[in-house]
1. What percent of all Cα-Cα pairs in region 230-345 falls into each 5 Å bin, going from 0 up to the bin containing the maximum distance?
2. Given H placed 1.01 Å from N in the peptide plane, which residues other than close sequence neighbours of Val160 have an amide H under 5 Å from its amide H?
3. I need the phi-derived Karplus couplings for region 305-321: 6.51 cos²θ - 1.76 cosθ + 1.60, θ = phi - 60°, integer Hz, Gly and Pro marked x.
4. Say each of Met271 and Ile247 gets a label point 7 Å from the Cα, pointing the same way as Cα to Cβ; how far apart are those two points in nm?
5. For Ala85 and Ala36, what does the FRET efficiency come to when R0 = 35 Å and r is the distance between their Cβ atoms, rounded to the nearest 0.05?
6. Looking at region 311-426, what % of the alpha carbon pairs are farther apart than 20 Å?
7. Keeping the other protein chains in place, figure out the carbon and sulfur percent of the accessible area of the chain, with a 1.4 Å probe.
8. Taking the simple approach of a point 7 Å from Cα along Cα-to-Cβ for both Phe187 and Lys422, what is their distance in nm?
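The values are calculated or read from the model by the stated rules, or taken from the named source; none is laboratory data. The model shown is predicted, which means the values in this text are computed figures rather than measured ones. When we count neighbours, we look across all protein chains shown, and the Cβ atoms used for this are built from the backbone with ideal geometry, even at glycine. Surface areas here come from the heavy atoms of the whole protein model, side chains and all, with no ligands, DNA or RNA. Shrake-Rupley method; radii C 1.70, N 1.55, O 1.52, S 1.80 Å.
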Amino acid sequence: MMLAGGAIVGGNLAVARAAHAYGSDTIKIGLVGCGARGTGAAIQALNTAGGGTRLVAMADVFESSIQTAYRTINSKHPDKVDVDATRFVGFDAYQQLLKTDCDFVILATPPGFRPLHFEAAVDAGKHVFMEKPVATDAPGVRRILAANEKAKQKGLGVQVGLQRHHEFRYRECIGKLQDGAIGDLMFGRAYWNGGGVWVRPRTPEQTELEYQVRNWYYFNWICGDHINEQHVHNLDVINWLLGEYPIEAQGQGGREVRKGTDHGQIFDHHMVEFTYPSGFKLLSQCRHIQGCWNNVSEHVHGSRGTCDISDALIRDRQGNKIWQSDAKETKGGKGWQQEHHDFFASLRRGETPNEADYGALSTMTAIMGRMATYSGKVVKWDEAINCKQSLANVDAMYSFDDTAPVQLDANGQYPVAVPGSKDKTV
């Protein structure tokens, strides 16, 4: 359903603008996905300097999300929001938004829709900022990679919300490690352990599909499990450091405390050992269980010392501190804002930075880890990335009355992977 019409321009104009150095010109922004992350990304884009920015269109499947996002964004930048006539609601809202004269689109819906929306944005000739992860299954990753080849041909800038690449502490630390600060890199550890996230209970008037979209974190077709949705950040840091992607994974996981239907299908803990082409081993751990040890960080061990990458802290083999970044960001950094500063500055210089390939391959790393924990088997990279199992046909979703990709069984439970079984759920 479309609330109101927006200005429509031919695709050729948008493509022509792709190669244009915007300078101090106004860059027009469209927002697809008006939840908390999309709202934050839009504010951060409008915070950028060097020229004008305006939010000119918004799209979401929920009108209430657009209204909430509009109020929040407008409270921060009342002089940069012009969307009264260009708010679109429904599963086709992204299509309507891409017909407007926006130059740049933020894709921040739940990740199951990312491949579809990215492909459409590229076809429309828009520069793209898309949140991580960029897919929930291997066919989605391949779709992102194929669409990105088109983006490169069109001269479109693409940024992925793996913001650690834009944090000064991380960049400085990774550079030192790659220059040999702790010798040969041999072993790594990566963690995203916390108490979990929100639960949005079912309401009587909801269809099954609406319930799953609102409670999206707990369904693999739209989230990909928390190893994909959150832990992808830590896995990406190790991939970035090594300059390569793992060739195999094996691990274990399960549902220790989150066992009810309100937690859908996903595991609450994963432990994965990744092996890289160089022989490097990564022990990866992510957990959503309250009352346990919480930690979000990346570590690497070398022949001459160790490094806490998340703290940008290097120690020798005796444990003595030999270097720590003095960059101003605290742990966690300010990468969410810096990535937009960097991207918009590049566009204004006429450059077209592109992060989609590593965003897709780090997403695939997380998906391969999930495949390993769900199956209990050793999973090879080539097997994982060429997997044909698609978790949902989001292209065919038109309304909340459509059939949801997963259904409750006779016992009122959603299908959950059982390691060692013949279940093909990935």
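1. Going from the shortest bin to the longest, the percentages are 2, 9, 15, 18, 18, 16, 13, 7, 3, 1.
2. Close amide H contacts, sequence-distant or interchain: Met130, Glu355.
3. Whole-Hz 3J(HN,Hα) from phi for region 305-321: x, 9, 9, 8, 5, 5, 9, 6, 10, 10, 10, 7, 5, 8, x, 7, 5.
4. According to this spin-label approximation, the distance is 2.6 nm.
5. Once the sixth-power term is evaluated, E becomes 0.90.
6. I get 70 percent for the Cα pairs in region 311-426 exceeding 20 Å.
7. On the chain, the fraction of accessible area on carbon and sulfur atoms equals 50 percent.
8. It is 3.9 nm.
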